[in-house]
Every structure is written in structure tokens, then in C-alpha cells.
Amino acid sequence: MRVQVAIIGAGPSGLLLSQLLHLAGIDTVVVERRSAAYVLGRIRAGVLEHGTVDLLRRAQCASRLDDEALIHDGFDIAFLGERLHIDLKDLTGGSSVTVYGQTEVTRDLMQAREALGGTLIYEADDVQPHGFDGERPYVTYRKDGAEQRIDCDYIAGCDGYHGICRASVPKGAINTFERVYPFGWLGLLTERPPVSDELIYCAHERGFALCSMRSQSRSRYYVQCGLDERVEDWSDDRFWDELRHRLPAPAAQALQTGPAIEKSIAPLRSFVAEPMTFGRLFLAGDAAHIVPPTGAKGLNLAASDIHYLSNAFIAHYNDGDAGLLDRYSETALKRVWKAERFSWWMTRLLHTFDADDGFVARLKQAEFDYLKSSRASRTSLAENYVGLPY
């Protein structure tokens, strides 16, 4: 098989890149080591920046999103008993965020690729990129016991933090920056109406909590927990009791509890790999960077990578201009680091760290007081939350 762009990884970034390139007349194939059902089964974020929504519309796969998604014009921060509303629409001149689960984004992209006859290869064993430091890159894999090879012009590594693409780059050619946080998020998904019309981010002496949702009838809640804790240690009743402790009193009283559909613990980390281009291999999404989920930037940052990368491939193939490809890493990383800063700031403000002392506690209180008193400070928060321009 020969294609122009071989894409490793069938998560949202790989599928979105394939869809956008297909619409521009560029031939792609997507290779994924997991099954389609496994990819769809991953429960992830669901807050989309306006730029991400526009990109999905450009990819012609946002009709269900436009029909079913929830539009949020703001969110609340509850800080040690005080509650502050962040009016996104007012502070940003009209921008909002869209609540639509990553699982649904992935489903829509899968269906869009299948409708256009896109080549998606699932359950591919031992996927390996080769020759990306030269002019004839190729990808190998095993399928049903047979060795397969895809020749291509370029390889897009969209295979996540643990994928093979970044791991295939020679160590001397890549720099990594990482901050591992000493806690995780215990998340619970339930078929109950959300406790609030908009998200509530809670900072409490017992730890962080978040009230989110996937729809008007399905809620997603999180509590900060230790990295040594196990999901099995948390019964549904224990989770609901702990969540109530951390919520403002009106929210705790209004909370509708129910059995968990899904429950999991996710560790938090910040991670960036530089550069994001190695010869004819281009990294995108979690393969190149991870952000803590506090600022809702993971999927959105992957989408911005695909915006830059798809435009670069289209300019190269359709206009004969390789300039955007040459500048892809530099351009994408500027936005990556801004999102890393914002996610780190929100994580530091809202979570409880074991090493925090009275000095840190007073700094956090001063930060929250400044948010309350300063429209400029709230505007900065809102601009980052709805998404900085591409």
C-alpha cells in the first residue's frame, strides 16, 4: 500500500487529520493497535473550545454536535466556601464553550471516515514507523499474522503518550519537559441530571472537586485523590459522601446521586516534547504533550495541532508551499506552552498539595481575591478557557 500521509493512532487527532486531508484530496491511511470498540470506550474530557468546534464543522462531522451539545456561557469557581461566576460570554466578547464528550467526538469522526471510504486499520500489531529521517518513510505492522507495509511521503504520530512514534525518535533529537503532580482525579459517570447548569470547580481543604456533565441527564464528577488509592477502595457511597463534603452547601443539597456507569482514577501530569517534527515524522496531540485536565485543554490542544498540521499538508500538496510544514513544530509549540501555563495555573490554584504551608495558602487566597476584584484577571481566565486564537 502507498499513501501520501500515514497516520498512526485512531484517536480524535488521527481521525480528524485523516478527515481534513481527505476533504482536501490528500490520500491517508490510519493505523491503530487497539480495536475500534476499545478506542470508543475511553472516557475522556468533554469541554470543547470554540476553535475545536469550528474545526469539526470544517471536517463536516459536527451535525450531531450541533443538535445535541450543550453551550456553556460560563462556569463557577467555589473557593473555600466562596463562589465566583466566570461569565465567559461577557468577558470574551461573545465566546462560549461546548460540552460534548470526547467519546461522541470520536464516534462522529469514525462515522465520517467510514462514510467517505477512509481506510482505518484497527487491531494492528507491532506498528513501527521507519525511515522518517530520509525521503522514503514507511510504516510496518502485523495484521492477522501477516506482515504489512505502508509506503508514504510523511508519517503523522497521533498515537498518544505511550505510543511508538515519539519513542522511535533518537533520544538525542528530542527534549522532554515534565511535571508529575502528587495526586489524581477519581472520576464517576452516572445517569443523573447535573447538579448545576454549568461546571463548578471546587477548591476545598479536603481537596479539589469538579461537577461536570455529558448531557442534561448524564453527569460526570471528580474528586482529588492520592496516587496510591485504588478504584476498588471507593464505593459509590463513599464517593458521593466525599463529593458532598467538597461542594458548596446549595450544590451538595441539590446533588442527585446514582450508581456509577464508569469509575476510574487518572494521574495528573504536565508534559511537552520538543520539537514536534523529526524529518518526515510529525507528532500531534498526546504523543507530543499532556496537560492536567483542570483547564480542559487536552483534546482542544490536540485539535489545534491538527489545525496547524492539516493546513501545512494542504499547503504543501495543493499549493506547493512547504513553509508551514517547516514551521509546524515552532507554531504548534507556542500554543502548547500557553495551554500548559494555563492548566498548571488552574491546577495549582484549585488543588491541595501536601507541601502547601500557610504562605502558599495565603497566596492562593490572594489569587482568588484578585479574580473576584479584577475584571482584567477574570478576562485573562476566560480568554484562556474558551481558547486562544489559532
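At-a-glance table
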| item | result |
| --- | --- |
| Segment 204-217: number of residues that are surrounded by fewer than 16 Cβ atoms within 10 Å (Cβ to Cβ) and in contact (Cβ under 8 Å) with a residue 40 or more places away in the chain | 3 |
| Within segment 17-34, tally of residues that are among the hydrophobic types (A, V, I, L, M, F, W, C) and under 11 Å from residue 110 (Cβ atoms) | 1 |
| Strands (runs of 3 or more DSSP E) wholly inside segment 154-244 containing at least 1 residues that are closer than 25 Å to residue 67 by Cα | 175-190, 200-203, 209-213, 219-225 |
| Where a residue in segment 48-70 is under 16 Å from residue 110 (Cα atoms) and its partner, wherever it lies, is of a type outside the set (A, V, I, L, M) and crowded, with 18+ Cβ neighbours inside 10 Å, with Cβ under 6 Å and at least six apart | 55/307; 59/19; 61/108; 64/108; 65/100 |
| In segment 69-90, the residues that are surrounded by 16 or more Cβ atoms within 10 Å (Cβ to Cβ), in contact with a Gly (Cβ under 6 Å, 6 or more places away or on another chain) and in a strand (DSSP E or B) | 86 |
| Evaluation of residue 339 against (1) within 23 Å of residue 168 (Cα to Cα); (2) of a type in the set (Gly, Ala, Ser); (3) assigned to a helix (DSSP H, G or I) (one fails), failing number | (1) |
| Identity of the residue in segment 3-27, surrounded by fewer than 24 Cβ atoms within 10 Å (Cβ to Cβ) and not hydrophobic (A, V, I, L, M, F, W, C), that ends up nearest to residue 305 (Cα to Cα) | 22 |
| Yes/no for residue 30 being among the β-branched types (Val, Ile, Thr), in a strand (DSSP E or B) and touching a helix residue (DSSP H, G or I) at 6+ places or on another chain (Cβ under 9 Å) | yes |
| Number of positions in segment 124-153 that are outside any strand (DSSP E or B) and surrounded by 15 or more Cβ atoms within 10 Å (Cβ to Cβ) | 6 |
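Quick grid of which residues meet (1) hydrophobic (A, V, I, L, M, F, W, C); (2) part of a helix (DSSP H, G or I); (3) at pLDDT below 95:
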position: 270; (1), (2), (3): no, no, no
position: 301; (1), (2), (3): yes, yes, no
position: 318; (1), (2), (3): no, yes, no
position: 324; (1), (2), (3): yes, yes, no
position: 331; (1), (2), (3): no, yes, no
position: 348; (1), (2), (3): no, yes, no
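The values are calculated or read from the model by the stated rules, or taken from the named source; none is laboratory data. Since this is a predicted model, take the numbers as computed values, not measurements. Glycine gets a Cβ as well: all are built from the backbone with ideal geometry, and neighbour counts include every protein chain shown.
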